[in-house]
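Peer 1: There's a structure below that I have some questions on.
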Amino acid sequence: MESSLAAAPPDEHESKEEAPGTAGDRMSGADSSLGGGAKSCEISDSKEENSSKSEGGEASSSLADKVTLIMATSPVKSNPSTALLEYTMRTIRVYCEGISDIKKIIVCDGYTLDTEKGEGAARKGRRISTQKAEDYKEYIKRIHNLCESGNENFSRTSVLVLKKLHGFGLAMQQALEHVKTEYVFVAQHDRVFVEKATALAPLVKVLDHDKKVNYIGYLTHRQINYRHRMTAQHGLKIPTTMSQGLELCPLIHFLDSMHIARTSFWEYMFKTGTIKIRDFPEHTFGNVQRWDCVKNGMQAFEKYGTYLLWDGKCVVKHVNGRTFLDKNQRLAKGYPASKELDNLIAALEEEDKKSTTTGEPSSV
């Protein structure tokens, strides 16, 4: 999306907006220019995908009926290594109780070769070489193997492979066509949990009982001073609120980072027409939302219902997939070890050992 749209006055878009509907009010599919529906993608299921039973009993079954996780991935420097994705999926399983019990979809975005012409130049360099394309194909093949091998980090996981470049936003739209649950847990391959996070069940309870809440995001270090920044930058006073025992803070700018949301809210975002090919919704829809709230005050926020989980715990970190290399790749290039990442992995493995009898060594 061009920057002029992101900065457009919010009232230009308000006439097109509809209130988020119910989970059954689904959009029909992706932009026809991308091929649409099944023609533009292929999906395969893991051996455990259809199983909704687990040791968690009734509560686990309830979560499986209500929430689907969508993990977005795309070509990155470390392909064909799956170390980054494995690490991310493991942090989600270990640090967020309840995730193991729900269905998961890994959506693999398409790409444009650097030899091709047309609508392929991505904001974040999504034109790739022929060799990188081969690496990415091998990466996808390895993801399939992880899902089919019984790896606990990839239990109940399907793989959705998009044949053309979509970008994060429209890749999510394609994945949502395969979601049948009322809520969706959204993750990206380079956004990881770094410590124990609020479990899935309490967040679902908020969404079940508080219809004004459409989205709950986990805190990152960049958001810890969010309320003060909004007051300093825009003069907005943003009070927190309590819902089902959790403190929530109104978020006036939608963020792509780790969150749970109503499936219908994501569909509502697409209906606003702000998300196009290659877009990240936080750069487009999020900017429109922000300036709506700045111009019209916090009363404008009510139609969005996006909140941060305001528990003071910065549990999500951006690892940056564009520069990430796994342990063996760093050694091969003569790069020093990443002490911060090594410490995070050590903490993760220690936490994992508390709940499992065997800890898998990490290749990150």
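Peer 1: Would you please give the residues with an amide H less than 5 Å from that of ILE43, counting only those at least 5 places away or on a separate chain, with H modeled from the backbone geometry?
Peer 2: VAL161
Peer 1: Once the piece of chain linking LYS313 and ARG222 is laid out straight, how much longer is it, given 0.36 nm per residue of separation minus the C-alpha distance between them?
Peer 2: Extra length from LYS313 to ARG222 when fully extended: 31.6 nm.
Peer 1: Mean projection of the alpha-carbon convex hull of the stretch 124-245 over all orientations, in nm²?
Peer 2: Spelled out: convex hull of the Cα atoms, projected over all directions, averaged, 11.1 nm².
Peer 1: Hey, another quick one. Give me the percent of the accessible area of the stretch 71-172 that comes from carbon and sulfur atoms, probe 1.4 Å, all protein chains in place. Each step should come with its number before you reach the end.
Peer 2: Values: 1650 of 3550 Å².
Using a 1.4 Å probe with all protein chains present, the stretch 71-172 comes out at 46 percent carbon and sulfur.
Peer 1: Please give, to one decimal in nm, the separation of the simple spin-label points placed at ASP114 and GLU302, each 7 Å out from Cα toward the Cβ.
Peer 2: Between ASP114 and GLU302, the simple spin-label model gives 5.3 nm.
Peer 1: So what are the ³J(HN,Hα) numbers for the stretch 191-204, from phi and the Karplus equation (6.51, -1.76, 1.60; θ = phi - 60°), rounded to whole Hz, Gly and Pro as x?
Peer 2: Result, ordered by residue: 10, 10, 7, 10, 7, 4, 10, 4, 5, 5, 4, x, 5, 4 Hz.
Peer 1: Once you have a ≥ b ≥ c as the square roots of the Cα gyration tensor eigenvalues for the stretch 202-281, tell me rounded if a/c is under 1.5, and otherwise prolate or oblate according to whether a/b is larger than b/c.
Peer 2: Values: a/c = 1.85, a/b = 1.10, b/c = 1.69.
Oblate shape, in that a/c is at least 1.5 and b/c is the bigger or equal ratio.
Peer 1: Does the stretch 249-364 come out rounded, prolate or oblate by the C-alpha gyration tensor, with a ≥ b ≥ c the root eigenvalues, rounded set by a/c under 1.5 and, if not, prolate when a/b is larger than b/c and oblate if not?
Peer 2: prolate
Peer 1: Calculate, in nm to one decimal, what GLU195 and LYS339 gain on full extension: separation in residues at 0.36 nm each, minus their alpha carbon distance. Don't skip to the end; give the middle numbers.
Peer 2: Working: separation 144, 0.36 × 144 = 51.84 nm, distance 1.69 nm.
Between GLU195 and LYS339, full extension yields an extra 50.2 nm.
Peer 1: Using only the alpha carbon atoms of the stretch 194-233, find the Kirkwood hydrodynamic radius as the inverse mean reciprocal pair distance, in angstroms to one decimal.
Peer 2: Numbers: mean 1/r = 0.0816 Å⁻¹.
One over the average 1/r among Cα pairs gives 12.3 Å for the stretch 194-233.
Peer 1: At R0 = 35 Å, how high is the FRET efficiency between ALA347 and THR241 if r is their beta carbon distance? Nearest 0.05 is fine.
Peer 2: It comes to 0.65.
Peer 1: Determine the shape class of the stretch 144-186: with a ≥ b ≥ c the square roots of the Cα gyration tensor eigenvalues, call it rounded for a/c under 1.5, and otherwise prolate if a/b is greater than b/c, oblate otherwise.
Peer 2: Judged from the Cα gyration tensor, the stretch 144-186 comes out oblate (a/c at least 1.5, b/c at or above a/b).
Peer 1: Tell me, what ³J(HN,Hα) does each residue in the stretch 152-161 have, in order and in whole Hz, if you take phi through Karplus 6.51 cos²θ - 1.76 cosθ + 1.60 with θ = phi - 60° and put x for Gly and Pro?
Peer 2: Result, ordered by residue: 5, 6, 10, 5, 6, 10, 9, 10, 10, 9 Hz.
Peer 1: Now for a separate question. Expected output is a single nm value to one decimal: the length gained when fully extending between ARG322 and LYS205, i.e. 0.36 nm times separation in residues minus the C-alpha distance. What is it?
Peer 2: Result for the pair: 38.6 nm of gain on full extension.
Peer 1: Could I ask something else about it? Where only protein heavy atoms count, and the probe is 1.4 Å, what is the accessible area per residue for the stretch 111-240 in Å²?
Peer 2: I get 45 Å² per residue for this part.
The values are calculated or read from the model by the stated rules, or taken from the named source; none is laboratory data. Keep in mind the model is a prediction, meaning the values are calculated, not measured. Glycine gets a Cβ as well: all are built from the backbone with ideal geometry, and neighbour counts include every protein chain shown. Note: accessible area is taken over every heavy atom of the protein model, side chains too, but ligands, DNA and RNA are not part of it. Shrake-Rupley method; radii C 1.70, N 1.55, O 1.52, S 1.80 Å.
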